[in-house]
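**Student:** Got a structure for you, questions after.
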Amino acid sequence: MKSIKTFYLGAGILGLLVMAAIFAPLITSFDPTEQDLMQTLSAPTSAHWLGTDALGRDVFSRLIYGARIDLTIGVLAVLLPFIIGVSLGLLTGWFGGRFDSLVMRVVDTVIAFPFYVLAIALVFIFGPGVKSIIVAITLVGWVAYCRIVRANVLVAKELDYVHAAKLTGLPIGRILRRHLLPNVISQAIVFSMSDIVLSILAIVSLGYLGLGVPIPTAEWGSMIQEGQPYILQQWWLATIPGFMVVIVGFALSLIGDGLVARLER
Amino acid sequence: MSYLTYTGRRLIQMLPVLFGISVAVFTIVHLIPGDPADVLLGQNATPDRIKLINHQLGIDRPILIQYINFIREIFHGSLGFSFDNKEPVAKLILGRLPETGMLLTGGIFLSILIALPLAILAASKRGALRDQLVRAIPIIGLGMPQVWIGVMLILLLGLKFPLFPVSGFGDTFLQHLRSIFLPSLTIAILLSPILIRSLRASMLEILDSDYVLTARAKGISQTRITFVHVLRNAVIASVTVLGINIAYLVGSLVIVERVFVIPGTGSLMIDAIAKRDYPIVQGVTLYFALVVVVVNLLTDLIHAALDPRVALK
């Protein structure tokens with residue numbers, strides 16, 4: 001019962017944010033990139049709910065349009081590593097042998113690179129932008145899914161139902177997809193919840209460094225960076241975008257916990 | 001398996017990883033779309049300069065020769081030369097080490113200082129309110145962006161209450177210590193949720209073990225059990241956790257250095273990106289990967305030395 005509550009609480013919070021992001025044009029009438037140089041750094045008013053930034057852009061509108069960017073890229077950036085990692089984990093765990101040792105050595109190599117160092121190096125290669133972020137997160141992120149699924153396959157493939165499926169002469173592809181996959185994927189799904197948080201953190205950090213989503217697109221990381229010089233007078237400029245990330249992280253963490261409790265039952 | 005065999009096996013296991021790292025870092029320059037020289041020179045590209053750069057990079061030679069030269073340069077200890085000021089990259093990295101090293105040490109020290117008491121508090125009464133509160137810390141803590149923690153600390157402890165410098169590294173040792181306090185605290189806030197989680201788990205496990213039961217049966221006080229029997233083993237566990245998370249830690253250093261304008265190794269890399277100084281980017285990437293591999297090796301070896309069961313497996 002408790003698990004279901006945490007799950008729904010998390011899903012509710014996240015759902016609200018997603019709705020706000022989708023219906024952003026209905027919630028705010030301000031364009032997040034439109035500058036109003038006559039009205040810079042204004043305090044919250046009835047028109048500008050969170051005031052305006054140094055270029056006179058509406059902060060509230062940038063915040064919810066920023067949710068579009070950060071949430072979308074956060075989820076997108078996890079999708080590819082999930083698919084690649086889960087598939088490779090299934091195959092290496094099942095077939096073992098040379099293929100397994102080769103993939104595991106690649107895994108060891110990837111783990112040796114600090115994520116942000118690799119991400120920054122890749123941004124250097126491909127130039128700042130969404131594509132580089134997704135490539136960087138994919139190159140590093142598949143490893144965790146691969147290890148999780150591989151470990152589960154190693155255990156599951158010795159179980160009776162898999163032996164039975166083999167004995168009935170089912171093709172390997174079918175055993176892997178229909179029999180093994182549903183039984184080994186749950187941990188990977190749970191991990192993907194915290195992985196989305198990690199990828200959003202990466203987008204925010206790269207955005208702050210000026211290596212992420214190019215300005216003037218509203219994005220939480222670059223908003224923190226743009227607000228920093230005015231932090232004593234307009235503390236909310238840099239503070240609230242960070243809060244948004246914390247809330248997303250909190251919601252996904254609740255969803256993850258709910259899923260774990262559900263699976264353990 | 002004896003400890004010596006274990007060490008030998010771990011060293012051999014390292015070889016393919018080192019090879020993989022060298023190939024990955026070597027590949028960085030070859031992944032740059034189009035002609036690297038063209039990209040590197042930008043608007044200043046003329047056919048002569050492109051030819052010169054290509055020669056400097058050695059990309060006019062066969063790929064295998066290039067790789068061998070790259071490895072040779074690593075063993076010469078120079079890691080190539082900066083485009084910007086022609087200095088050996090290794091020398092530039094070494095010059096920035098004190099900053100990064102102090103920051104790393106400070107961060108680890110503060111995170112243990114934060115995590116240990118909280119973990120003890122939580123583990124001392126499983127399921128109690130204090131346990132639940134401490135367990136909630138990672139849920140919030142792991143969702144906080146590094147840069148944001150840094151900016152918040154600057155606001156609170158640097159500007160509202162100007163207790164610590166908000167940027168730079170200072171000139172004297174005491175100034176260094178004051179300057180690295182906020183960045184170290186940022187790292188500690190990032191790291192301690194991970195530490196708290198694993199420390200609490202390992203302390204609970206130890207509290208359930210036979211030797212703690214024996215200690216209780218002998219009439220030893222709970223305080224003594226916690227601080228002498230349990231804590232010592234829990235600290236070993238946290239060293240391992242730190243070792244496992246070294247890659248995350250080093251990566252965060254790069255970002256935190258930037259927030260607090262500390263001229264360490266991470267800043268060296270980010271500045272090099274702006275200048276498109278590719279040997280530095282390559283060198284620093286290689287250097288950080290090597291740090292991670294060596295720290296992981298040391299963690300395993302220390303862990304095996306402290307807990308002989310590891311080597312036996």
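**Student:** Under a point spin-label approximation (7 Å from Cα along Cα-to-Cβ), what is the B:Leu64-B:Ile220 distance to one decimal in nm?
**Tutor:** That separation, rounded to one decimal, is 6.2 nm.
**Student:** Can you tell me which of B:Val212, B:Val250, B:Val281 moves the most in a GNM of chain B? Springs connect C-alpha atoms under 10 Å apart.
**Tutor:** Of B:Val212, B:Val250, B:Val281, the most mobile in the Gaussian network model is B:Val212.
**Student:** Averaged over peptide B:15-21, how many Cβ atoms belonging to another chain are found within 10 Å of each residue's Cβ?
**Tutor:** Average per residue, whole number: 5.
**Student:** At 4 °C and a viscosity of 1.567 mPa s, what translational diffusion coefficient does Stokes-Einstein give for segment A:194-250, taking Rh as the Kirkwood radius over Cα pairs? Give it in µm²/s as a whole number.
**Tutor:** Calculated translational D: 114 µm²/s.
**Student:** What FRET efficiency, computed as 1/(1 + (r/R0)^6) with R0 = 51 Å and r the Cβ-Cβ distance, is obtained for B:Leu4 and A:Arg177, rounded to the nearest 0.05?
**Tutor:** It comes out at approximately 0.65.
**Student:** Find which of A:Gln234, B:Ala201, A:Ala165 sits farthest along the positive direction of the dipole of the protein assembly as shown, computed with +1 on the beta-carbon of Lys and Arg, -1 on that of Asp and Glu, about the Cα centre.
**Tutor:** Result: A:Ala165.
**Student:** Average projected area of the Cα convex hull of chain A, in nm²?
**Tutor:** It is 17.1 nm².
**Student:** Also: For the protein assembly as shown, just the Cα set please: Rg and Dmax, both in angstrom.
**Tutor:** In Å, with Rg to one decimal and Dmax whole: 25.4, 84.
**Student:** Follow-up question, since we're still on this one. Relative to the longest principal axis of chain A, what angle (0 to 90°, nearest 10) does the C-alpha long axis of helix A:130-156 take?
**Tutor:** In chain A, helix A:130-156 runs at an angle near 30 degrees to the longest axis.
**Student:** Determine the relative contact order of segment A:195-265: mean sequence separation of Cα pairs under 8 Å and six or more apart, normalised by residue count, in whole percent.
**Tutor:** 24 percent
**Student:** Determine the shielding of peptide B:262-269 by partner chains: average, over its residues, the number of Cβ atoms on other chains within 10 angstrom of each Cβ.
**Tutor:** Per residue, the average neighbour count from other chains is 1.
**Student:** Can I ask one more? What percent of all Cα-Cα pairs in segment A:11-53 falls into each 5 Å bin, going from 0 up to the bin containing the maximum distance?
**Tutor:** Pairs per bin, as whole percents: 6, 19, 22, 21, 16, 11, 4, 1, 0.
**Student:** Sticking with this one: Per-residue counts of other Cβ atoms within 10 Å, averaged by peptide: what ranking do you get for A:64-76, B:185-197, highest first?
**Tutor:** So the order, starting with the most tightly packed, is B:185-197, A:64-76.
**Student:** Right, another one. State, as an integer percentage, the relative contact order of chain B based on alpha-carbon contacts under 8 Å between residues 6 or more apart.
**Tutor:** RCO, chain B: 26 percent.
**Student:** Please enumerate, by chain and number, the lysines with C-alpha under 22 Å from the C-alpha of A:Lys166, excluding those fewer than 8 residues away in the same chain.
**Tutor:** By straight Cα distance, A:Lys166 reaches A:Lys157.
**Student:** Moving on to the next point. Mind checking the angle between helix B:3-31 and chain B's longest principal axis? C-alpha axes, 0 to 90 degrees, to the nearest 10.
**Tutor:** Taking the Cα atoms of chain B, the angle to B:3-31 is about 40 degrees.
**Student:** Let me check against my output: what whole-number percent is the relative contact order of chain A, with C-alpha pairs under 8 Å and at least 6 apart?
**Tutor:** Value for chain A: 27 percent.
**Student:** Another question about this same structure. State, to one decimal in nm², a quarter of the convex hull surface area for the C-alpha atoms of segment A:125-265, i.e. the direction-averaged projected area.
**Tutor:** Averaging across all directions leaves 11.3 nm² for the Cα convex hull.
**Student:** Same structure again: What does the extension gain come out to for B:Ser167 and B:Tyr211, with contour length at 0.36 nm per residue minus their alpha carbon separation?
**Tutor:** Result: 10.9 nm gained on full extension.
**Student:** Ok, one more. What's the center-to-center distance, using Cα atoms, between segment A:154-173 and segment B:294-309 in Å?
**Tutor:** 38 Å
**Student:** When you look at the Cβ of every residue in A:99-111, what mean number of other chain Cβ atoms sits within 10 Å?
**Tutor:** 4
**Student:** Once Rh for chain B is found with the Kirkwood sum over Cα pairs, what is the Stokes-Einstein diffusion coefficient at 10 °C and 1.306 mPa s, in µm²/s?
**Tutor:** 71 µm²/s
**Student:** Tell me, what is the FRET efficiency for B:Leu94 and A:Thr72 to the nearest 0.05, using R0 = 51 angstrom and their Cβ-Cβ distance as r?
**Tutor:** 0.75
**Student:** Distance in nm between label sites at B:His55 and A:Thr33, each 7 Å beyond Cα in the beta-carbon direction?
**Tutor:** 4.4 nm
Where a number appears in this text, it was derived from the coordinates with a stated rule and is not lab data. Keep in mind that what you see is a predicted model, and the values were worked out from it rather than measured. Quick reminder, even Gly has a Cβ in these numbers, built from the backbone with ideal geometry, and neighbours come from all protein chains shown.
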